[in-house]
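What follows is a set of notes on a single structure, which appears directly below.
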Amino acid sequence: MVMTNPCAWYLSDFKNVSSNGIKVMSAFSCGGGSTMGYKLLGCEVIAANDIDPEMAYHYRLNHNPKYYYLCPIEELLTKNLPQELFNLDILDGSPPCSSFSMAGSREKDWGKKKKFREGQAKQVLDDLFFDYLALAERLNPKVCIAENVKGMTLGKAKGYVKMIFQRFKEIGYQPQLFLVNAADCGVPQKRERVFFVALRNDIVKPKLILNPTHRWISAGEATSDLQILTDDEIRDTKPANIDLQYWKHTKKGSDYSNAVKKLKGKESLFSHIRLDELQPSNTLPAHHRSIKHWGECRKLTYREFIRLGSFPDDYQAKTPSIGKYIIGMSVPPLMMKAVAKAVIEQWLN
């Protein structure tokens, strides 16, 4: 008898989920991480938008949406849109957030035009949240849910949070802000993100309570059935020279910096991490080569990334590298499911 890992699930599972009648549009939809969270609850994600052709290809491949808009979000403010989008229950969005990330340049990048590696048009990333709010003002959904990095709530970035709250109120919404750990939502990954959740003023409901308490699932548990690698996976996860130097000198759950200091007398390689199989994974980054296996000196396989990101086992990607990048950029589906479940049960049912 073949035992199935409880963390495994498939795109075909959506067919077994009963519809709850909730209609959603996902802006900055990436590869569909948040979309899958909604669909696991029975929501219909009728439209999606992204500026990135690579993300558009993978979103369409895996989700086949009714409407898809490959364009800057600001074009949706004047584009002729179907009437369905003016009767949404939820407008979802994950505006690009690297300007606020604690792992990035933060204040040095604010107000500057940047672009991602796929080469689409440059954008001022810290303005995109307000473009999302402009779309919310036009479409007037019952609820807005917007995800971003924890760094938005720290230091000078708090000023942006105040401006976002003020803008939500100006366009007729009651905003709340929550810090959520993906591990508390059943994702085998310690990934902290903030969620702006706002209810339209004409809908009278109590304040939202959002406090997921799922037991933590370890990286080892989530990937226990994936530890025999294929020949392609062995080639794909081959250790780099820095791994050969520092991995064995690094404790599980730690980064390479202490090993570098011990061997070279300086500290660096803080982003290169050897995971601990007894804990949820550290945050999976888009630059996926920096996350290492706990028991073997190697990078993670795409199948391991899928499990640690709570993606479906059959999620299709052009290459393992692109698939890992998408998962690192996306909201974990089970994280979005937990947030949306609270919103639907408390505000929309």
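Contact map, segment 127-144: residues that are farther than 14 Å from Asn49 by Cα and acidic (Asp, Glu) paired with residues that are open to solvent by less than 40 Å² (accessible area, probe 1.4 Å) and at pLDDT 95 or above, Cβ distance under 8 Å, separation 6+ or inter-chain. Pairs shown: Glu137/Ile171; Glu137/Gly172. Just one of the numbered conditions (1) farther than 26 Å from Ala27 by Cβ; (2) out of contact with any Phe, Trp or Tyr (no Cβ under 9 Å at 6 or more places or on another chain); (3) open to solvent by 30 Å² or more (accessible area, probe 1.4 Å); (4) among the hydroxyl-bearing types (Ser, Thr, Tyr) is not true of Thr301: (3).
In segment 246-262, the residues that are in contact (Cβ under 8 Å) with a residue 12 or more places away in the chain and part of a loop (DSSP other than H, G, I, E, B) form Cβ pairs under 8 Å with partners that are aliphatic (A, V, I, L, M) and open to solvent by 40 Å² or more (accessible area, probe 1.4 Å), at six or more places apart or across chains, as follows: Lys252/Leu278; Tyr256/Ile242; Tyr256/Leu269. If you go through segment 304-330 and keep only what is of a type in the set (Val, Ile, Thr) and open to solvent by 10 Å² or more (accessible area, probe 1.4 Å), you end up with Thr319, Ile322. Within segment 332-349, the residues that satisfy the criterion of being within 14 Å of the chain's Cα centre (by Cα) and open to solvent by 10 Å² or more (accessible area, probe 1.4 Å) are Leu334, Lys337, Ala338. The single condition from (1) closer than 24 Å to Thr319 by Cβ; (2) more than 30 Å from the chain's Cα centre (by Cα); (3) not aliphatic (A, V, I, L, M) that Asp236 fails is (2). For first residues located in segment 175-188 and within 26 Å of Ala136 (Cβ to Cβ), partners that are assigned to a loop (DSSP other than H, G, I, E, B) and lie 6+ apart or on another chain with Cβ distances below 6 Å form the pairs Gln176/Leu208; Phe178/Leu210; Ala182/Arg191; Ala182/Pro332; Cys185/Pro212; Cys185/His214.
The values are calculated or read from the model by the stated rules, or taken from the named source; none is laboratory data. Not measured: the values here are computed from a predicted model. A quick note on method: Cβ atoms are made from the backbone with ideal geometry, for glycine too, and the neighbour counts reach across all protein chains shown. Just the protein is used for accessible areas: all its heavy atoms, side chains included, with ligands, DNA and RNA removed. Shrake-Rupley method; radii C 1.70, N 1.55, O 1.52, S 1.80 Å.
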